[in-house]
């Protein structure tokens with residue numbers, strides 16, 4: 001649930017509760033005031049009658065109206081105090097029962113007692129009360145409606161900066177060359193959020209850059225000593241009468257250099273691919289390139305007696321020439337390295353996908369891990385463990401989908417050009 | 001043939017000078033940017049072996065200098081950086097070739113020879129080495145005036161041997177020259193032995209000497225006078 005929906009729920013509950021409570025209280029207060037006013041009217045009528053009787057010693061002629069009338073009857077009993085009475089009377093004209101307030105009192109005229117009843121209809125008061133309640137309820141409804149509309153439109157606008165920031169954070173990748181620059185906002189809270197995010201990504205970005213620079217420099221710095229070692233072993237080979245044993249040792253060193261160097265190059269390449277904004281708008285003749293690379297590696301396929309079955313269309317697609325070469329090289333090298341002797345390699349290319357399929361010795365490779373760096377199905381393998389990671393990374397940068405499948409004892413690598 | 005070796009790592013520079021001098025080049029060297037610029041100003045070289053990261057400046061600036069001054073010295077960059085754009089920048093600035101460290105001295109030697117061949121080509125494309133005469137344009141080789149029928153790889157292999165004649169070449173260096181950097185089938189050099197065996201047979205068949213000597217199958221050496 002959204003924060004605002006939560007807040008709104010509480011807010012509306014409290015508002016309705018307050019309004020209901022207020023309305024009930026208002027009703028009673030109003031009722032009390034109006035009834036008191038009514039009784040006041042009845043009393044002043046009583047005083048007028050008593051006053052008249054005292055002055056003239058006779059009963060007054062009273063003009064009755066529809067809403068207020070007086071009845072006079074002879075009485076034997078004497079009321080000690082005037083008494084109010086609340087009754088309902090059926091009104092013949094309007095055909096409805098209406099509440100009536102009565103004031104009963106006795107007066108003595110010429111030694112005779114008369115019971116006088118002053119009646120006043122409460123219909124008007126009730127009508128007024130009803131109207132007031134109606135208006136109040138209308139007000140509540142109006143306020144709630146306005147509240148709802150304002151919230152829906154204004155709140156969305158007020159939160160806009162928040163969602164903007166969140167979207168920017170979502171889209172942010174460390175590989176982007178810039179740290180996150182969120183704009184200054186008028187709202188303090190959002191401003192605080194943006195500033196904090198800016199500061200955080202800034203420092204992460206700097207650390208990341210430093211780390212990358214370190215990786216790159218470390219790899220570079222190691223290449224020169226390797227070059228020294230390699231040149232020295234080559235000079236050693238040139239000495240007169242190198243023994244077979246020495247020759248073998250030197251070759252061992254040579255192979256170590258080779259592996260280390262390739263490892264560095266691959267790591268550097270990976271960092272490079274991740275950190276460089278390559279543009280994939282070169283027209284690359286992938287079919288021609290693929291055939292050329294297969295031809296270059298012909299001896300390598302032959303040396304392991306691999307049968308190569310090709311179905312290659314001469315397609316051209318927007319890509320990056322060098323990255324395309326690296327991609328194909330890695331895929332083919334991988335295939336040559338891991339296909340068992342006398343195995344079958346199947347290479348297909350059309351405008352939608354490139355498929356490289358080869359017979360397997362083992363079961364399926366770990367689909368989750370196969371494109372991870374330094375993943376090797378067996379630890380004693382020759383490769384750097386970076387080849388497929390590079391393939392995946394290049395694919396990712398170019399917007400291709402690189403997939404691995406194990407089917408019918410075949411390892412199948414597929415690159416879908418369009419996603 | 002005069003070479004300038006611009007390399008700040010002394011041990012490497014030493015090896016370079018030793019190997020290339022033995023190949024018949026006259027080698028001069030510079031260890032930093034200023035020294036390199038000074039020498040380039042004063043002399044013309046057939047080929048400059050140029051490191052990119054130098055004390056006092058970048059090798060790319062030297063390339064720019066050569067370009068600005070219309071110098072025609074051949075340049076091969078040797079750099080620890082394999083960075084894609086460095087390579088492209090270097091070539092764009094007029095370098096003839098690019099080699100990533102760590103490289104084989106034999107490989108460097110072949111590349112330098114190729115650059116010099118291109119620069120000094122005066123209508124004559126036939127090189128004479130002992131009993132081999134090589135037409136580098138037609139990519140054909142004759143032994144005692146008889147044409148040697150070679151595949152592309154065999155031609156490449158022969159040229160590599162001839163340029164590095166009388167040197168022991170490790171099987172690793174040869175394989176890398178022929179199949180590039182991602183050649184890493186350390187346990188399987190059979191295809192290399194096959195190529196060398198075929199090449200030897202072909203040379204003998206046209207009456208050449210059996211000049212390729214195996215060094216315990218770990219390396220090979222072409223003996224030429």
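The values are calculated or read from the model by the stated rules, or taken from the named source; none is laboratory data. Just so you know, these numbers come straight off a predicted model, no measurement behind them. Cβ atoms come from the backbone with ideal geometry, glycine included; neighbour counts cover every protein chain shown.
Structural remarks
- Residue list for region B:40-83, restricted to those being in a loop (DSSP other than H, G, I, E, B) and in contact with a strand residue (DSSP E or B) (Cβ under 6 Å, 6 or more places away or on another chain): B:45, B:46, B:52, B:73, B:82
Per-residue answers, yes or no, for (1) modelled with pLDDT under 90; (2) touching a strand residue (DSSP E or B) at 6+ places or on another chain (Cβ under 7 Å); (3) surrounded by fewer than 15 Cβ atoms within 10 Å (Cβ to Cβ); (4) farther than 30 Å from residue A:15 by Cα:
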position: A:160; (1), (2), (3), (4): yes, no, yes, no
position: A:168; (1), (2), (3), (4): yes, no, no, yes
position: A:172; (1), (2), (3), (4): yes, no, no, yes
position: A:176; (1), (2), (3), (4): yes, no, yes, yes
position: A:201; (1), (2), (3), (4): yes, no, no, yes
position: A:212; (1), (2), (3), (4): yes, no, no, yes
position: A:225; (1), (2), (3), (4): no, no, no, yes
position: A:234; (1), (2), (3), (4): no, no, no, yes
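- Against the numbered list (1) more than 43 Å from the chain's Cα centre (by Cα); (2) in the same structural domain as residue A:355 (by TED's automatic domain parsing); (3) surrounded by 14 or more Cβ atoms within 10 Å (Cβ to Cβ), residue A:322 comes up short only at (1).
- The single residue among A:174, A:192 that is in contact (Cβ under 8 Å) with a residue 12 or more places away in the chain and farther than 21 Å from residue B:176 by Cβ turns out to be A:174.
- Any hit, region A:264-272, residues being within 18 Å of residue B:176 (Cα to Cα), assigned to a helix (DSSP H, G or I), facing chain B (nearest Cβ under 10 Å) and touching a residue at least 60 places away in the same chain (Cβ under 8 Å): yes
- Selection of region B:1-31 for residues being part of a loop (DSSP other than H, G, I, E, B) and loosely packed, with under 15 Cβ neighbours inside 10 Å yields only B:24.
- Extreme residue, farthest from residue A:28 (Cα to Cα), among residues of region A:140-154 that are surrounded by fewer than 16 Cβ atoms within 10 Å (Cβ to Cβ) and either touching a residue at least 40 places away in the same chain (Cβ under 8 Å) or in contact with a helix residue (DSSP H, G or I) (Cβ under 8 Å, 6 or more places away or on another chain) (or both): A:147
- Residue match in region A:349-356 (condition: away from chain B (no Cβ under 14 Å), in contact (Cβ under 8 Å) with a residue 24 or more places away in the chain, within 18 Å of residue A:301 (Cα to Cα) and in a strand (DSSP E or B)): yes
- Region A:241-263, residues that are more than 7 Å from chain B (Cβ to nearest Cβ) and under 51 Å from the mean Cα position of the chain (by Cα): A:259, A:260, A:263
- Among the residues making up region B:11-26, those that are touching a strand residue (DSSP E or B) at 6+ places or on another chain (Cβ under 6 Å) and away from every other protein chain (no Cβ under 14 Å) are B:25, B:26.
- Taken across region A:323-339, residues that are farther than 25 Å from residue B:88 by Cβ and either assigned to a strand (DSSP E or B) or more than 14 Å from chain B (Cβ to nearest Cβ) (or both) do not occur at all.
Residue-by-condition table, conditions (1) more than 7 Å from every other protein chain (Cβ to nearest Cβ); (2) outside any loop (DSSP other than H, G, I, E, B); (3) in contact (Cβ under 8 Å) with a residue 24 or more places away in the chain; (4) farther than 23 Å from residue B:22 by Cβ:
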position	(1), (2), (3), (4)
A:215	yes, yes, yes, yes
A:218	yes, yes, no, yes
A:222	yes, yes, yes, yes
A:277	yes, no, yes, yes
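- In the set (1) surrounded by 18 or more Cβ atoms within 10 Å (Cβ to Cβ); (2) modelled with pLDDT under 90; (3) more than 14 Å from chain B (Cβ to nearest Cβ), the condition left unmet by residue A:281 is number (1).
- Checked across region A:343-362, the condition of being in the same structural domain as residue A:292 (by TED's automatic domain parsing), surrounded by fewer than 17 Cβ atoms within 10 Å (Cβ to Cβ) and modelled with pLDDT under 85 holds for at least one residue.
- In region A:367-382, residue modelled with the lowest pLDDT [restricted to those that are surrounded by 13 or more Cβ atoms within 10 Å (Cβ to Cβ) and touching a strand residue (DSSP E or B) at 6+ places or on another chain (Cβ under 8 Å)]: A:370
- For region B:130-225, the strands (runs of 3 or more DSSP E) that sit wholly inside it and include 3 or more residues that are buried (at least 20 other Cβ atoms within 10 Å of the Cβ) are B:168-170, B:219-222.
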